[in-house]
1. Test Ile536 against the stated conditions and say whether it is part of a helix (DSSP H, G or I), closer than 27 Å to Leu472 by Cβ and of a type in the set (A, V, I, L, M).
2. Any idea which of Ser609, Ser582 is among the hydroxyl-bearing types (Ser, Thr, Tyr), loosely packed, with under 13 Cβ neighbours inside 10 Å and out of contact with any Leu (no Cβ under 7 Å at 6 or more places or on another chain)?
3. Within region 587-600, is there a residue that is at pLDDT 95 or above, of a type in the set (Phe, Trp, Tyr) and within 20 Å of Leu380 (Cα to Cα)?
4. In region 397-448, what residues are surrounded by fewer than 21 Cβ atoms within 10 Å (Cβ to Cβ), among the hydrophobic types (A, V, I, L, M, F, W, C) and farther than 17 Å from Ser471 by Cα?
5. Taking Leu241 as the residue in question, decide whether it is in contact with a strand residue (DSSP E or B) (Cβ under 7 Å, 6 or more places away or on another chain) and either exposed (fewer than 12 other Cβ atoms within 10 Å of the Cβ) or modelled with pLDDT of 80 or more (or both).
6. Are any residues in region 5-31 modelled with pLDDT of 75 or more and not in a helix (DSSP H, G or I), and if so, which ones?
7. Quick check, is Lys500 touching an Asp or Glu at 6+ places or on another chain (Cβ under 6 Å) and either small (Gly, Ala, Ser) or closer than 22 Å to Asp480 by Cβ (or both)?
8. Need pairs with beta-carbon distance below 8 Å; first residue in contact (Cβ under 8 Å) with a residue 12 or more places away in the chain and not assigned by TED's automatic domain parsing to the domain that holds Gln404 and within region 522-540, second in a strand (DSSP E or B) and of a type outside the set (D, E, K, R); sequence gap 6+ or separate chains.
Amino acid sequence: MPVCDICCEELPSEAEMKTHLLLSHMENTMACPFCSLSGVSYDELSFHINTEHIDKDCQDTNATVVDSGQKNSNRWIVQSPTSTKTSNVNVKNMDKVSQASPQLPSQVNGMATPITGTSLSQGTSTSLKSSPPAAATASGAVKQVRNTQTSSNNPSRKREDGRKSKQKRLSSPIKEGCFQCPMCSLVCKDCFILQEHVELHLQDQDTAKGACPEVGTSTHAYSTSNGRSDVMRFECPMCSLSCSSSSSLQEHVELHLEFGSASAAGHSSEDLTLARRLQEEEKQKWREAETRREAEDFKKLQKQFGLDNSGGYRKQIERNMERAVSRGQMVPADFHRKKAEMLESLASGVDDGRSRTSGLIGALYRYYQRDASDCAHVWLCAETDHYSASEGDKGWGCGYRNFQMLLSSLHRLEQYNLLPDSVPSIPRVQTLIEEAWGQGADPQGASHFNHRLRGTRAWIGATEIYAVLTSLSVKARIVDFHKPTGPGDTHPRMLEWVKKYFSHSAIRSTRLPPKVVQTTLPPIYLQHHGHSRSIIGVEQKVNGSLCLLLFDPGCAPGEMRKVLSQDTAATIVRRMRKYPGSLKHRQYQVVTVEGLLTPEEKQSRILNSRTLCAEKIP
């Protein structure tokens, strides 16, 4: 019955002796005979000797290591041609290992061949060679082997020394390096862990080829009843690698997890950076698109309200006449004649009267006296001329034309005899508004138009009418109907207010007022979004409903002259009537005239117009 020379344990067969040596002594008590390395596996020791000491101790000194050929000998004889000194090293356990393993060192060309058949790539060998070498003197090797032999007689001390040695090896500074596996993308921080990982790769390749694993590899071996040694395999759950032990599998999976977490963190950081960059690019594109859209909308508004520097009244009428000549609608002689007349009118500042229609209020009064069977009462303003849009202001001059209508009525009233007798042209009205701004009236409106109206097609509204009337010492009032007051977005409160404005001056006694009344009040300037008109009267039907009578600058002079004829007056009156259902704009503003201002009142109103506030109803 074989007896273990290391621990004196009796074993039933040679196969079990080999297994006992492999599991109990080889992986724990292997020590380098040339340096202080110990506590490593048989394959690690073989790789260490062949990489760290073969060139230094054998090639450089031309020394050869030979086996004495005696089975029970405890000596290794180191022969050197330059020295006859012989080193006697007690390697009793190494001799037993040589009996149990067929992969002992053999002499090839005077040098020891690698102990194990497992080989690594050149990059891995270089990484392992970079570890700090230990002292490799012969005396140190003899001392180390003797210490190993002494400790092998005590199994508990042997295991403790092995643990300390391996702990010292794992805590060495070489862990701080980074070593990449030559067979996969795994990166290890310890060269020994990398070695074990590569060996697992090689074992998997050998298994696939049908080769049996080496005796020196880290596997779990057990003896069967027929004395045959079998190997238990552990497959990695994250890849196709098979491990020979659970500890190796655990280390391999931990490397997977460490590498996977670092990779996932890297990918997560890259994804977050990419997402943020795409978000910033999307925001930048949205800002640029928004800026372009705002610029386009602003240009459209400038063009709509005549602030695009495309010319004013004069340029527009010249352009229209040139177009008429090119189309054959006007001969060149008429073009030059009309252009001269236009320049003369503009120089004088007085409207040429081509778009004016007079005598309309008197004709309306006569019409209601004859044909007003459905009306209970009708109130009309003072005599007012109608001014239509001409070729020079079509599309933007409604505010100026309504101001001309208001002035034509004021000129007929004795109370306002201080005003000029003539009605100014549109360019002259623009100059009057600029002069009012120069006096300090409505500074916010002046800033809106950049203090310039002449030579533009800018629209004007109720505030500009108020400013120019104030500068002319006329007492004006702005009333803002800022929201609907009836069903269907109608403004019944506005119609009641207009009726009160006209009917209040007509009540002179307790008697009932006449059916048709022509007052001495000027018309009312009516402004809403996109257009303005003049209120020249109001009708009250038999059922009590109200409707306004409006002069629209968009109506041509030929149409307005039909009021003067009894046969066609009814048609035009129907177009002038505006019932509550046809007045559905969200907001309306009216400007009324209530007399003249004293110089003190004028100056006070100009100062107060810095924060111009309208009277709101409701």
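1. Considered against the rule, which asks whether it is part of a helix (DSSP H, G or I), closer than 27 Å to Leu472 by Cβ and of a type in the set (A, V, I, L, M), Ile536 comes out as no.
2. Values: Ser609 fails: loosely packed, with under 13 Cβ neighbours inside 10 Å.
One residue alone meets the criteria, Ser582.
3. Checked region 587-600: no residue is at pLDDT 95 or above, of a type in the set (Phe, Trp, Tyr) and within 20 Å of Leu380 (Cα to Cα).
4. Answer for region 397-448, where residues must be surrounded by fewer than 21 Cβ atoms within 10 Å (Cβ to Cβ), among the hydrophobic types (A, V, I, L, M, F, W, C) and farther than 17 Å from Ser471 by Cα: just Leu413.
5. Answer is no for this residue.
6. Glu9, Glu10, Leu11, Pro12, Ser13
7. Against the criterion (touching an Asp or Glu at 6+ places or on another chain (Cβ under 6 Å) and either small (Gly, Ala, Ser) or closer than 22 Å to Asp480 by Cβ (or both)), Lys500 does not qualify.
8. From region 522-540, no pairs qualify.
The values are calculated or read from the model by the stated rules, or taken from the named source; none is laboratory data. None of the values given here were measured: they were computed from a predicted structure. Glycine gets a Cβ as well: all are built from the backbone with ideal geometry, and neighbour counts include every protein chain shown.
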